[in-house]
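Worksheet for the structure shown next.
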Amino acid sequence: PRFETCWPALMKDSHGVVIVFNPELPSHLKEIETWYSCFVQQQRLLDSQCLLIAHHKPGSMGHTEDLSLAYPLNKLKLVHSNLEEDAEDVRMEFIKYLRSIITFINESREKEEMSIIS
């Protein structure tokens, strides 16, 4: 929130949003609602263009693994990360997400070109 004046520049022409948060901090769970509202909903991005990463500090993986988020956040792809234990899993999920964004951009561009031609 203290960098809100920078948000318009960050959001301009964005195709995807990755929100990383600490699931053990109640304040973070509240803040991600704000981030989602501003960076996804207000920018009219699809939920598939947003990735949530619940980042766990070393030794803190526990009850937050079964994290259940409220609507509309529960519609988003949620990945748990603990770089000490499963760095490769997180990397693969992130690559999958990037591929989906690239596919989305290419399909949007093709639709735009077709509408110009016709």
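For the chain, what does -39500 (n - 2.57) per DSSP helix run (n ≥ 4), summed and divided by total residues, give at 222 nm, in deg cm²/dmol to the nearest 500?
Numbers: 3 runs with 47 residues, N = 118.
Per the formula, -13000 deg cm²/dmol.
Relative to the dominant Cα principal axis of the chain, helix 87-117 is inclined by about 20°.
Measuring max minus min along each principal axis, the C-alpha atoms of the range 1-60 give extents of 38, 27, 16 Å (largest first).
In Å, what Kirkwood hydrodynamic radius results for the range 1-117 from the alpha-carbon pair distances?
After inverting the pairwise mean of 1/r, the radius is 15.7 Å.
Distance between the pseudo-spin-label points of ILE116 and ASP86 (7 Å out from Cα toward the beta carbon): 4.3 nm.
Nothing charged except the Cβ atoms of Lys and Arg (+1) and of Asp and Glu (-1): what's the magnitude of the dipole of the chain about its Cα centre? Round to the nearest 20 debye.
Values: 12 positive and 18 negative charges, 82 e Å.
About 400 debye.
Under 5 Å from the amide H of VAL20 lie the amide H atoms of ILE53, each residue being 5 or more positions distant or on a separate chain, with H modelled from the backbone and absent for Pro and chain starts.
Helix 26-36 and the long axis of the chain differ in direction by around 0°, with both axes built from C-alpha atoms.
Applying the criteria of a DSSP loop state and at most 14 other Cβ atoms within 10 Å to the GluC sites (Glu not before Pro) of the range 17-118 yields GLU84, GLU85. A 1.4 Å probe run over the chain, with the rest of the protein chains in place, finds 70 Å² accessible per residue.
Surface composition of the chain: carbon plus sulfur atoms hold 56% of the accessible area, using a 1.4 angstrom probe and ignoring ligands, DNA and RNA.
Between THR103 and ARG44, what length comes free when the chain is fully extended (0.36 nm per residue of separation minus the Cα-Cα distance, one decimal in nm)? Write out the running numbers ahead of the final one.
Working: separation 59, 0.36 × 59 = 21.24 nm, distance 1.77 nm.
Extra length available between THR103 and ARG44 comes to 19.5 nm.
The values are calculated or read from the model by the stated rules, or taken from the named source; none is laboratory data. Because the structure is a prediction, the values reported are computed rather than measured. All Cβ positions, glycine included, derive from the backbone under ideal geometry; neighbour counts span all protein chains shown. Areas reflect the complete protein model, heavy atoms only, side chains present, ligands, DNA and RNA absent. Shrake-Rupley method; radii C 1.70, N 1.55, O 1.52, S 1.80 Å.
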